[in-house]
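Notes follow the structure.
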Amino acid sequence: MDAQKSKQVVLDFFQSMNEGEFEKSGQFFAEDATMWVVGSTPFSGTMYGRQEILEKNFLPSKEFTVPGSASVELGDVIAEGDKVAAEWIFRRKMTSGKDYENYFFGLFSVKNGKIQTFREYLDTHYAQKMLWGD
């Protein structure tokens, strides 16, 4: 895929996240995709395959989120070939009543119109504190 098409796949993925469509967001991943998240939170580590990514990351995230409150503010999104680098802020109202705002960086590879790999970096200390307490 060329850089512009790869970038568009990632932008469409973020649009679905911005709409709080966590299940739909998973459909942007290839069946055999991998996702790695930095740190030692319950969301951290490597997930193999679209189903595991949904079950271990997107669907649990949905459980913490008040419906309709998720938003993604994209920063720079840079593409070269099948690689896309992006920075973003993810905000949501949590079911605990807290306002969540975390800063992210991700590196994606896109093949055949689907996200094949995704490496995600975020403030895991903040996420741990906000989602699971100290």
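Computed from the coordinates by the stated procedures, all read-outs in this text should not be read as laboratory data. Here the structure is a predicted model, which is why all the values come from computation and not from measurement. Backbone-built Cβ (ideal geometry, glycine too); neighbour counts: all protein chains shown.
Counting Cα-Cα pairs of the chain in 5 Å increments starting at 0 gives whole-percent bin shares of 2, 11, 20, 26, 23, 12, 5, 1, 0.
Sparsely packed loop sites in segment 87-134 (the trypsin sites (Lys or Arg not before Pro) outside DSSP H, G, I, E and B with at most 16 other Cβ atoms within 10 Å) comprise LYS98. Subtracting the Cα-Cα distance of VAL66 and LYS83 from 0.36 nm times their residue separation leaves 2.9 nm of extension gain. Near the amide H of PHE28, within less than 5 Å, lie no amide hydrogens of residues on another chain or at least 5 residues away, with H placed in the peptide plane. Relative to the compact-globule estimate of 2.2 N^0.38 Å, the Cα radius of gyration of segment 60-134 comes out at 1.24. The angle between the Cα long axis of helix 3-18 and the longest principal axis of the Cα atoms of the chain comes to about 20 degrees, rounded to the nearest 10. Over the chain, dividing the summed -39,500 (n - 2.57) contributions of all DSSP H runs of at least 4 residues by the number of residues returns a 222 nm mean residue ellipticity of -7500 deg cm²/dmol. Take the Cα of MET94, step 7 Å toward its Cβ, do the same at LEU74, and the gap between the two points is 2.7 nm.
Charges on Cβ only, +1 for Lys and Arg, -1 for Asp and Glu, centred on the Cα centroid of the chain; of GLY49, THR124, GLY81, which one is farthest towards the dipole's positive end? About the Cα centre, the residue reaching furthest to the positive side is GLY49.
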